[in-house]
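Have a look at the structure below before the remarks.
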Amino acid sequence: NHPVSRQATFATTHKFGQRWDADTGTAVSIAGPAIALSLAPYESAIFVFSDEPSRAVTLPEPGAQIADLSAGWKVTFTGIHKTISADVPTDWTSDPATRFYSGEAVYEREFTLSKVPDGTVFLQAEDGLPVAKPDAMEGPGMRAWYDPPVREAAILFINGHRVGSLWHPPYRLAVDGFLKQGQNQVVIKVYNTAMNAWAALPP
């Protein structure tokens, strides 16, 4: 339930490797069986090794943050026509007006870029928190001991174009093809389950 950074050595005699992205189908070249590996909380990854040189691109090292989008959002709860100003992440249940709200909430804000950076640019939702695991589990089932920054799922739009979905670690999407110089609009449509609404009903 926390980030992991390690020097990892895979038990293989193959010289060349790739890291596959199961969401997009893309592959990134890695330098052999010994790599610096970083994973977000509960993130998993697929690695494939071969004796043939990889034709996949090499992922550049993370660069500087180009915009801070952690504040200044307009949030609209479409099911009850309620609009508020908020920072993210926002816990709906902390407000009595939305404590039992189930459905869609639309986060909107604008930001300005003096220039569009070269290379890959990511939008990443951060501020997930580890949850303490109890000494003894009660009842059946399983869960992740982590309070994620997106719950349960979100769809990202930039400048009117759908970029993709945020629903699992590392809660990050490539957005460089959607940005422009000057003012940019970002919209995140967040959805939860019916459980909130059910919680308001009698047993």
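The values are calculated or read from the model by the stated rules, or taken from the named source; none is laboratory data. Keep in mind the model is a prediction, meaning the values are calculated, not measured. Virtual Cβ from ideal backbone geometry, glycine too; neighbours counted across all protein chains shown. The accessibility values were calculated without ligands, DNA or RNA, using every heavy atom of the protein model including side chains. Shrake-Rupley method; radii C 1.70, N 1.55, O 1.52, S 1.80 Å.
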Which value, in debye to the nearest 20, gives the size of the charge dipole of the stretch 51-137 about its Cα centre, when Lys and Arg are +1 and Asp and Glu are -1 at the Cβ? 380 debye
Among 36, 105, 154, which one moves the most in a GNM of the chain with springs linking Cα atoms closer than 10 Å? 36
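Mind putting a number on the dipole of the stretch 1-107 about its Cα centre? Charges go on the C-beta only, +1 for Lys and Arg and -1 for Asp and Glu, and I need it in Debye to the nearest 20.
On the way: 7 positive and 11 negative charges, 12 e Å.
It comes to approximately 60 debye.
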Name the lysines eligible as straight-distance cross-link partners of residue 82: C-alpha to C-alpha under 28 Å, and not fewer than 8 places from it in the same chain. 74, 189
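Which of the peptides 133-140, 10-17 is most tightly packed, and how do the rest follow, judged by the mean count of other Cβ atoms within 10 Å per residue? Let's see the in-between values first.
On the way: 133-140: 6.6, 10-17: 13.4.
My ranking of the peptides, most packed first, is 10-17, 133-140.
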How much solvent-accessible surface does residue 80 expose, in Å² to the nearest 10, with a 1.4 Å probe and all protein chains in place? 80 Å²
With the dipole of the stretch 58-161 defined by +1 on each Lys or Arg Cβ and -1 on each Asp or Glu Cβ, the option from 98, 78, 153 whose Cα lies farthest towards the positive pole is 78
Determine ³J(HN,Hα), in whole Hz, for all residues of the stretch 32-46 in sequence, where each value follows from phi through the Karplus function 6.51 cos²θ - 1.76 cosθ + 1.60 and θ = phi - 60°; x replaces Gly and Pro. x, x, 10, 9, 7, 10, 10, 10, 6, x, 6, 6, 10, 8, 10
Of the candidates 37, 129, 69, which one comes out as most mobile in a Gaussian network treatment of the chain with C-alpha springs shorter than 10 Å? 37
Extreme residue, positive dipole direction of the stretch 135-203, given options 197, 144, 177 (C-beta unit charges): 177
Everything considered on the Cα gyration tensor (a ≥ b ≥ c; rounded for a/c under 1.5, else prolate if a/b is larger than b/c, else oblate), the chain must be described as oblate
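Report relative contact order for the stretch 15-149 in percent, whole number only (criteria: Cα-Cα under 8 Å, sequence separation at least 6). It would help to have the intermediate numbers written out before the result.
Numbers: 149 pairs, mean separation 23.3, N = 135.
That works out to 17 percent.
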Taking a probe of 1.4 Å and leaving out DNA, RNA and ligands, the stretch 144-203 shows per residue an accessible area in Å² of 56 Å²
Sequence-distant aspartates and glutamates (8 or more away, or on other chains) whose Cα lies within less than 19 Å of residue 115: 68, 176
If each K or R counts +1 and each D or E counts -1, the residues other than residue 164 whose Cβ falls under 14 Å of its Cβ total 0
Relative contact order %, the stretch 1-57, counting alpha carbon pairs below 8 Å whose residues are six or more apart: 47 percent
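Charges only on Cβ, +1 for Lys and Arg, -1 for Asp and Glu: so what's the dipole of the chain about the Cα centre, in debye to the nearest 20? Write out the running numbers ahead of the final one.
Details: 16 positive and 21 negative charges, 53 e Å.
That gives a dipole near 260 debye.
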